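Nothing in this text is a laboratory measurement; each read-out follows from the coordinates by a stated rule. In this text, all values refer to a predicted model and were calculated from it rather than measured experimentally. Virtual Cβ from ideal backbone geometry, glycine too; neighbours counted across all protein chains shown.
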Amino acid sequence: MPKTTKIKKKIKKIKPKSTIKSKSKIISKPKEINKGPIKISKTYIPKETEKYMCEKHKVFFRMKLQEWKKELVKANNEALYNGSMDDNSISADIVDQASSYTDKNVEMKAINRQIKLISEIEKALLRIKDDTYGYCLDTAEPIGLKRLMARPVAKYTIAAQEKHEKNEKVHADD
């Protein structure tokens, strides 16, 4: 048998079944026709029996993250507004001034933590958009639904997170 017929037979075997021959082109069939945005109920909770990070899971976590972000922004705005209202009450008593200063310092640290958290939420929303959400940034293994339910901004599996924290502690001691 000539070499060209052997190659043609191999090509026929390799050719995927999900293609349609057109006049001179091969057009791939879409895997699944998108029927529009996925809608889930407000009481929906991702299940381990569903395919990991299916569209329902992504919609659920996107909604959860957006709601969390909205609450944090609202709380920050209220704290900043209320904090600025207290500035007018300057006391002559040194102890009261020190107490007020400490309270403001604690409030500002809390606000700064919340701003960092808002940034992490935005990064998580971007990971949902580019289909990397739910997978460890180090190992690419699934993070797990239970961990994501507890900490929706999680970027690492528990083992990878512990490794990162250990490395941070070692470098902080230097």
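Past the 21 angstrom mark, what percentage of all C-alpha to C-alpha distances in segment 103-174 do you count? List each step's numbers first, then the result.
Values: 1024 of 2556 pairs.
Cα-Cα pairs of segment 103-174 separated by over 21 Å account for 40 percent.
Quote the FRET efficiency, to the nearest 0.05, computed for residue 47 versus residue 130 with a Förster distance R0 of 25 Å and r equal to the Cβ-Cβ distance. Can you show the working numbers first?
Details: r = 24 Å, r/R0 = 0.97.
Efficiency, rounded to the nearest 0.05: 0.55.
Distance cut-off 30 Å, Cα to Cα: go down the list 74/166; 64/109; 47/123; 39/74; 42/123 and report the pairs above it. Walk me through the numbers on the way to the answer.
Values: 74/166 34 Å; 64/109 25 Å; 47/123 24 Å; 39/74 26 Å; 42/123 24 Å.
Beyond 30 Å between Cα atoms: 74/166.
With every atom except the alpha carbons ignored, what do you get for Rg and Dmax of segment 46-173, in angstroms?
My reading of the Cα-based Rg and Dmax gives 19.6, 64 Å.
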